[in-house]
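A short write-up of the structure that comes next.
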Amino acid sequence: MILQDKVALVTGGTSGIGRATAIAYAQQQAKVVVVGRRIDEGEETVRLIKEAGGEAIFVQADVTKEADVEAMVDKAVGVFGRLDIAFNNAGMGGENPSLIEQTEAEYDRAMNVNVKGVWLSMKYEIAQMLKQGSGAIVNMASVVGVVALPNILLYTASKHAVVGLTKAAALQYAKAGIRINVVAPGAIQTDMFEAVTDEAKAYLTGLHPIGRVGTPLEVANAVLFLSSEMASFTTGATLLVDGGFVAQ
Ligand code: NAP
């Protein structure tokens, strides 16, 4: 059990990759704080964890709101006494493919959730981890945090920003016992992927040399590694989980 006695927080733990990771953390005996806006889905993740003998709570929070993010970390520490691991996974896609047709609201939405949400989460998580002298953070980017796709512009920009934030924060806290890394998945079979058209699904699937899209568990396993002592010399790294997407 590689996370015994650890306390782990997952933003966007109400579905998809976040839920799979929350369950994987609990299977490794971490106590898990599941975060998201949807109460029923968050409670369902907690139920799945408890049903398997694990320990978890749900905290409702919108990662774009500073007061919510501060309260989410306060609640984690209030209930479980500390915070060892955070997976800043909350994010969203969906935008008009044409730059000249995009709206200011679309820009703000992408940047607020995908970038500001990760920055705010790290701000309060790191403040707690500094008190403890240790911690491991994994942020969620995407292959388009590393390379670009022409029709996913704002999402590409926001995920590049997450990679940059991760590297700079990792350098800032490298000597403080806090490791900060980022995962960059290819297309993964979740609600976000299901939301695109069949044509886009076929196009995206074809970009993966392995010949298929990934599963939430395949990303969760990579996050588990970066969150654990198995990655004790790894910080500021971008771990691709992409079926060869970026290698070609
Ligand atoms: P998903 O099932 O739609 O999950 C998105 C999660 O983000 C949900 O749990 C959602 O929770 C949460 N979220 C969104 N806005 C939020 C906000 N303002 N405050 C708090 N939570 C918020 O899709 P997914 O594929 O698992 O996505 C998870 C992450 O993986 C995202 O960052 C996404 O960009 C990234 N990613 C996905 C893929 C893919 O192909 N699926 C590939 C690369 C990277 P609530 O709605 O309950 O708030």
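The values are calculated or read from the model by the stated rules, or taken from the named source; none is laboratory data. Since this is a predicted model, take the numbers as computed values, not measurements. Here the Cβ positions follow ideal geometry from the backbone for every residue, glycine too, while neighbour counts run over all protein chains shown.
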Checked segment 120-156 for anything at positive phi and among the charged types (D, E, K, R); matches are none
From the options Val73, Val59, residue that is among the aliphatic types (A, V, I, L, M) and within 13 Å of the ligand (Cβ to nearest atom):
Val59
Answer yes if at least one residue in segment 15-31 is more than 15 Å from the ligand (Cβ to nearest atom) and over 15 Å from Val223 (Cβ atoms), and no otherwise.
yes
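Among the residues of segment 78-87, is any in contact (Cβ under 8 Å) with a residue 24 or more places away in the chain and surrounded by fewer than 16 Cβ atoms within 10 Å (Cβ to Cβ)?
If we filter segment 78-87 for residues that are in contact (Cβ under 8 Å) with a residue 24 or more places away in the chain, which is where we start, we get 79-87.
Among the residues that remain, those that are also surrounded by fewer than 16 Cβ atoms within 10 Å (Cβ to Cβ) are: 79, 81.
Checked segment 78-87: at least one residue is in contact (Cβ under 8 Å) with a residue 24 or more places away in the chain and surrounded by fewer than 16 Cβ atoms within 10 Å (Cβ to Cβ).
Scan segment 194-206 and tell me whether some residue there is farther than 26 Å from Leu3 by Cβ, of a type in the set (A, V, I, L, M, F, W, C), surrounded by 14 or more Cβ atoms within 10 Å (Cβ to Cβ) and at pLDDT 95 or above. Steps first, answer last, please.
Taking segment 194-206 first, the residues farther than 26 Å from Leu3 by Cβ are 194-206.
Narrowing the set further to residues that are of a type in the set (A, V, I, L, M, F, W, C) leaves 195-196, 200, 202, 204.
Checking the rest, the ones that are also surrounded by 14 or more Cβ atoms within 10 Å (Cβ to Cβ) come to 196, 200, 204.
Within this subset, residues satisfying the condition of being at pLDDT 95 or above are 204.
So far as segment 194-206 goes, yes, one or more of its residues are farther than 26 Å from Leu3 by Cβ, of a type in the set (A, V, I, L, M, F, W, C), surrounded by 14 or more Cβ atoms within 10 Å (Cβ to Cβ) and at pLDDT 95 or above.
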Checking the structure you have, find out if any residue of segment 141-156 is crowded, with 24+ Cβ neighbours inside 10 Å, in contact (Cβ under 8 Å) with a residue 60 or more places away in the chain and more than 30 Å from Gln248 (Cα to Cα).
no
State all residues of segment 121-150 that are touching a strand residue (DSSP E or B) at 6+ places or on another chain (Cβ under 9 Å), within 12 Å of the ligand (Cβ to nearest atom) and either farther than 12 Å from Val182 by Cα or not aliphatic (A, V, I, L, M) (or both); if no residue qualifies, say none.
Ser121, Asn139, Ser142, Val144, Gly145
